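Asks: Just passing along the structure, written as structure tokens.
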Amino acid sequence: MSHQDLVRLFQEMAPGLRRYLSRFGPSISADDVAQDAFARLAAAKPGTIEAPRAWLFRTAHNIALNELKRQKIAATDAVGDIAALERPCDGPSPEDVVVRAEEAERLRAILELLPERQRVALILFKIEGLSHKEIGARLGVSHRTVERYIADAIAHCHDYLSAFRAED
């Protein structure tokens, strides 16, 4: 699926997908789940998804169900395992530290390649946790424009990461 096809699909499907996800209630962020489903679609290997619309709704449905399950488990595990506090914490291996540092540098490089508004929207959404409306207010654009910026940024990141993986 090309970048343009993904953007067009996002523009067409995002409102209906968010309406569908609103059925899961207020404990699920329809915007976040829809964005995650589109990100997974963008990350899918080209040519592996025959019916993107159906795949998108099924994926979003599964993400929402998993989030509900996670919330239920988190509520029952609020006390935690006290015995785990007594065990020493194992830190990452030196190899893991190097790999993570390389991945972080790669991500920084990819983010620098993005157009400024896409980069800012993606950072505000994924790192700062702002909603599309809040990002739109900061950037002076509509929430639909923010959706487009984020979808474009994710698609570009996917393309750049694919290029990096091909080099390795």
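Asks: Please specify each residue of segment 2-41 satisfying the condition of being of a type in the set (S, T, N, Q) and part of a helix (DSSP H, G or I).
Replies: If the condition is that a residue be of a type in the set (S, T, N, Q) and part of a helix (DSSP H, G or I), then Q4, Q11, S22, Q35 are the ones that fit.
Asks: Among the residues of segment 42-61, which ones are over 23 Å from Y149 (Cβ atoms), outside any loop (DSSP other than H, G, I, E, B) and of a type outside the set (A, V, I, L, M, F, W, C)?
Replies: R58, H61
Asks: Out of contact with any helix residue (DSSP H, G or I) (no Cβ under 8 Å at 6 or more places or on another chain), at pLDDT below 85, aliphatic (A, V, I, L, M) and not in a helix (DSSP H, G or I) - does that describe any residue in segment 153-163?
Replies: no
Asks: Which one is modelled with the lowest pLDDT among residues in segment 67-106 that are open to solvent by 70 Å² or more (accessible area, probe 1.4 Å) and of a type in the set (G, A, S)?
Replies: Among those residues, the one meeting the criterion is A78.
Condition check ((1) open to solvent by 60 Å² or more (accessible area, probe 1.4 Å); (2) of a type in the set (G, A, S)) across all residues:
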position: Q4; (1), (2): yes, no
position: L9; (1), (2): no, no
position: R23; (1), (2): yes, no
position: P26; (1), (2): yes, no
position: Q35; (1), (2): no, no
position: A42; (1), (2): no, yes
position: A54; (1), (2): yes, yes
position: R58; (1), (2): yes, no
position: A64; (1), (2): no, yes
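The values are calculated or read from the model by the stated rules, or taken from the named source; none is laboratory data. Every value quoted in this text rests on a predicted model; they were computed, and no experiment measured them. Glycine gets a Cβ as well: all are built from the backbone with ideal geometry, and neighbour counts include every protein chain shown. Side chains included, ligands, DNA and RNA excluded: accessible areas come from the protein's heavy atoms. Shrake-Rupley method; radii C 1.70, N 1.55, O 1.52, S 1.80 Å.
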